[in-house]
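Since the structure comes first, as structure tokens, the remarks are kept for the end.
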Amino acid sequence: MHWRDARAAGEPEQRLYMLDSWRESTLYSEREQAALELCEAITMITNGHVADEVWERARAVFDEHELSQLVVAITAINAWNRLNITTRLEPGHYEPGQFGPPTSAASLDRS
């Protein structure tokens, strides 16, 4: 779903393909890396709390409002993923713009 939205919003293919190796890639800004790291930490919460270092890196590049929006977005996406897994929803039927206009990753990156 999000890949389709990203493509529709003009996100370059290379950045999508390199997402799995975001830590090693130079294609992502400091803000994007902080958001991805926080996302992983929140998603993998069974590993324990979000590490203080991860939280501080995010706080260093996002203001309080942005950080709260990011945490809510990550939490909402995780909740939807868990609902879809639980109900065995068949993926692959989403079309960009189905639930509103696609947004660009550039809106996250203000560096």
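The values are calculated or read from the model by the stated rules, or taken from the named source; none is laboratory data. Fair warning: this is a prediction, and the values are worked out from it, not measured in the lab. No Cβ is skipped: glycine too gets one built from the backbone with ideal geometry, and neighbour counts run over all protein chains shown.
Here the condition is being assigned to a loop (DSSP other than H, G, I, E, B), exposed (fewer than 13 other Cβ atoms within 10 Å of the Cβ) and charged (D, E, K, R); of Arg88, Arg82, it holds for Arg88 alone. Per the listing Ala9, Ala35, Ala105, the residue uniquely modelled with pLDDT under 85, aliphatic (A, V, I, L, M) and surrounded by 12 or more Cβ atoms within 10 Å (Cβ to Cβ) is Ala105.
Tell me, yes or no, whether segment 91-105 has at least one residue that is out of contact with any Leu (no Cβ under 8 Å at 6 or more places or on another chain) and assigned to a helix (DSSP H, G or I). There is at least one residue in segment 91-105 that is out of contact with any Leu (no Cβ under 8 Å at 6 or more places or on another chain) and assigned to a helix (DSSP H, G or I).
In segment 43-65, of all residues being among the polar types (S, T, N, Q) and out of contact with any helix residue (DSSP H, G or I) (no Cβ under 7 Å at 6 or more places or on another chain), the one that is nearest to Ala79 (Cα to Cα) corresponds to Thr46.
Criterion first (surrounded by 10 or more Cβ atoms within 10 Å (Cβ to Cβ) and either closer than 23 Å to Pro91 by Cβ or touching an Asp or Glu at 6+ places or on another chain (Cβ under 8 Å) (or both)) does Arg59 satisfy it?
no
For segment 14-26, what are the residues that are out of contact with any Leu (no Cβ under 9 Å at 6 or more places or on another chain) and either of a type outside the set (D, E, K, R) or at pLDDT 95 or above (or both)?
Leu16, Tyr17, Ser21, Glu24, Thr26
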